[in-house]
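A.B. asks: Just passing along the structure, written as structure tokens.
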Amino acid sequence: MSMDRNFLEREIVLVLNKNWQAVGVKNPLEAISMMYCDAATGLHIEGDNMSPMSWESWLELPCLENDYVSTVTSKIKIPKVIILAKYNQVPHKRPRLTAKNIWQRDNGTCQYTGKKLTPNEGNIDHVLPRSRGGRTSWSNCVLSHKDVNSLKGDKTPHEAGLRLLKQPREPIAMPTIVYIKNHHNIEEWNTFLIKE
């Protein structure tokens, strides 16, 4: 069976640190390479039973349809979860500056009126307008009602007679596990991720 190249590039392998805490995701080829180089071990999961396996033991696992990578000489089962051999840290990161993340930071609330907004009522306002040197940054962008933003135009909040509910700030760095989402609904990941 030939594997779809796009499938092999999907991030469908959960990466755990030595303490079995989720720290990232990899695609099957990256994960298998890490296992081959002893940078990680595969976690064999059957029901409630989980056992880390050496590369040699992993090669002996039976392969089912659509869960392996073919090599010239054999088939290698694609792991769902791998455990890093030496890394025991929990990395932290900040969310990227996007409209969606500004909505989330501002809790879907207009930062001038306090009104809870629906997606078609709000947009992102530059506190100091871009036309006046304002940058697109966490500290200069807020969620605003479209009508308020339109009235504000190229003015500062003070000039427009508006007051911010709170000063916009960059969100704090959070453990990476907060940002790992199980987009492919891989059952074996559920034990290790934050329940939503």
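Taken together, the values in this text are just the output of simple stated rules run on the coordinates, not laboratory data. All of these numbers come straight from a predicted model, not from anything done at the bench. Quick reminder, even Gly has a Cβ in these numbers, built from the backbone with ideal geometry, and neighbours come from all protein chains shown.
A.B. asks: Can you give the net charge of the other residues whose Cβ lies under 13 Å from the Cβ of N101, counting K and R as +1 and D and E as -1?
C.D. replies: After counting each charged neighbour, the total is +4.
A.B. asks: Using Cα pairs under 8 angstrom and six or more residues apart, how large is the relative contact order of the chain, in percent?
C.D. replies: Answer for the chain is 21 percent.
A.B. asks: Aspartates and glutamates within cross-link reach of K18: Cα-Cα under 14 Å, excluding same-chain residues under 8 positions apart?
C.D. replies: Cross-link targets: D38.
A.B. asks: Going toward the positive end of the dipole of the chain, with +1 on Lys and Arg Cβ and -1 on Asp and Glu Cβ, which of M50, V25, Q104 do you reach last?
C.D. replies: Q104
A.B. asks: Now for a separate question. Considering the chain as a Gaussian network with a 10 Å cut-off on Cα pairs, which listed residue, A173, A22, A31, attains the greatest mean-square fluctuation?
C.D. replies: Maximum fluctuation in the GNM of the chain, among the listed residues, is at A173.
A.B. asks: Still on this structure, please answer the following. How big is the dipole moment of the range 1-153 about its Cα centre under a simple scheme where the beta carbon of each Lys and Arg is +1, that of each Asp and Glu is -1, and everything else is neutral? Debye, nearest 20, please.
C.D. replies: 1160
A.B. asks: On a straight-distance basis, which lysines could pair with K100 in a cross-link, Cα separation under 17 angstrom, same-chain partners fewer than 8 positions away excluded?
C.D. replies: K116, K146, K181
A.B. asks: Related question: Over the Cα atoms of the range 133-196, what radius of gyration and what Dmax do you get, in Å?
C.D. replies: Answer for the range 133-196, Rg first and Dmax second: 18.9, 55 Å.
A.B. asks: Which residue, G161, G108, G122, has the most motion in a Gaussian network model of the chain that connects Cα atoms within less than 10 Å?
C.D. replies: Largest GNM mean-square fluctuation: G161.
A.B. asks: Turning to a different aspect of this structure: Quick check: the distance between the Cα centres of the range 110-172 and the range 29-98, to the nearest angstrom?
C.D. replies: About 45 Å separates the Cα centre of the range 110-172 from the one of the range 29-98.
A.B. asks: For the chain, what is the mean residue ellipticity at 222 nm derived from helices alone (per DSSP H run of n ≥ 4: -39500 (n - 2.57); sum divided by total residues; nearest 500 deg cm²/dmol)?
C.D. replies: Computed mean residue ellipticity for the chain: -4000 deg cm²/dmol.
A.B. asks: Return the Rg/Rh ratio of the range 1-156 with Cα-based radii and a Kirkwood Rh.
C.D. replies: 1.23
A.B. asks: What is the spread of the Cα atoms of the range 99-152 along each of their three principal axes, largest first, in whole Å?
C.D. replies: Projected onto its principal axes, the Cα set of the range 99-152 covers 29, 23, 16 Å.
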